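Enquirer: Here's a structure for you.
All of the numbers you see were taken from the coordinates with simple rules; none came from a lab. From a predicted model like this one, the values you see are computed outputs, not experimental measurements. With ideal geometry, Cβ positions are generated from the backbone for all residues, glycine too; neighbour counts draw on all protein chains shown.
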Amino acid sequence: MSEFQDVLAGSRSDNTPDALNLFGQFAGQWDFEWIDGKGTERERHITGEWIFSWILEGQAIQDVFICPSRQERLINPQPDAEYGTTVRFYNSKKGKWDICYGYLNHMTVLEAEQIGENIVLTNQNPSEGINQWIFSEITPTTFHWQNRTSTDGGGTWRVNGELYAIRRQK
């Protein structure tokens, strides 16, 4: 087994209560359709992929976000292509998840919690307004994800982009 595979885990640690295992349900590979500029003349639909894995003996979830997908990049390169990674740790003191997302020249720190049926990630540096990333309509094989911003303290929201994911068949 390679050194890298030694840090992967097949499941969550017992330190994360079942009821708060928000991100473990996403472990695996997903294909998605990314939509931005919805309803405008600049609306785009791009195919991407999202890969989630338990890491660090089941203490955290890491994902790799690829948009456009590795195959799509060959035929439809995008000037704002994103290849990023997120690490999510359950914080038992807060009862929430601490999250760090990064890609080339950019880092975002977030906090996540379940609100109703949704998983809501909120930025922890709101200098440019409140940013949220919301997982909704979650089933074992699909989910909807949306990135939105409010510049008036949550009174109104602008959707920056959204995606519809389907679990990749093994």
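Enquirer: Ignoring everything except DSSP H segments at least 4 long, calculate the 222 nm mean residue ellipticity for the chain; use -39,500 (n - 2.57) per segment, divide by total residues, nearest 500. Each step should come with its number before you reach the end.
Expert: Working: 2 runs with 11 residues, N = 170.
Helix-only estimate at 222 nm: -1500 deg cm²/dmol.
Enquirer: Mind sorting Ile61, Ile134, Ile51, Ile99 by how few other Cβ atoms lie within 10 Å of their own Cβ, fewest first?
Expert: Working: Ile61 27, Ile134 19, Ile51 16, Ile99 23.
Fewest-to-most ranking of Ile61, Ile134, Ile51, Ile99: Ile51, Ile134, Ile99, Ile61.
Enquirer: Once fully extended, how much extra length lies between Arg70 and His45, figured as 0.36 nm per residue of separation less the alpha-carbon to alpha-carbon distance?
Expert: Details: separation 25, 0.36 × 25 = 9.00 nm, distance 1.54 nm.
My answer for the length gained is 7.5 nm.
Enquirer: If R₀ is 30 angstrom, what is the calculated FRET efficiency for the pair Glu57 and Ser136, using the beta carbon separation as r and rounding to 0.05? Write down the numbers at each step before the final one.
Expert: Working: r = 30 Å, r/R0 = 0.99.
According to the calculation, E is roughly 0.50.
Enquirer: Also: Hey, any idea what Rg/Rh is for region 3-167, computing Rh the Kirkwood way over Cα pairs?
Expert: Values: Rg = 16.0 Å, Rh = 16.7 Å.
Expressed as Rg/Rh, it is 0.96.
Enquirer: Name the residues whose placed amide hydrogens come within less than 5 Å of the amide hydrogen of Trp157, ignoring near sequence neighbours (fewer than 5 apart) on the same chain.
Expert: Under 5 Å from the amide H of Trp157 lies no amide H from a residue far enough along the sequence or on another chain.
Enquirer: Can you tell me the length gained on complete extension of the stretch Arg158 to His144, counting 0.36 nm per residue apart and subtracting the Cα distance?
Expert: Numbers: separation 14, 0.36 × 14 = 5.04 nm, distance 1.65 nm.
Difference between extended and current length: 3.4 nm.
Enquirer: Also, I was wondering about something else. Hey, could you pull the Cα Rg and Dmax for region 55-109, both in Å?
Expert: When restricted to Cα atoms, region 55-109 yields Rg and Dmax of 14.3, 47 Å.
Enquirer: Could you work out how far apart the two model spin labels at Gln169 and Leu104 are, taking each label as a point 7 Å from the Cα in the direction of the beta carbon, and quote it in nm?
Expert: If labels sit at Gln169 and Leu104, their model points lie 3.5 nm apart.
Enquirer: Can you give me the relative contact order of the chain as a percent, contacts being Cα pairs under 8 Å and 6 or more apart? Intermediate values should be presented prior to the final figure.
Expert: Numbers: 362 pairs, mean separation 29.4, N = 170.
It rounds to 17 percent for the chain.
Enquirer: Would you list Ser92, Ser53 from fewest to most Cβ contacts within 10 Å? List each step's numbers first, then the result.
Expert: Numbers: Ser92 11, Ser53 17.
Lowest to highest Cβ neighbour count: Ser92, Ser53.
Enquirer: Sticking with this one: Using the count of nearby Cβ atoms within 10 Å as a rough guide to exposure, how do Glu111, Glu162 rank from fewest to most? Please list the in-between numbers first.
Expert: Details: Glu111 15, Glu162 18.
Ranked by crowding around the Cβ, least crowded first: Glu111, Glu162.
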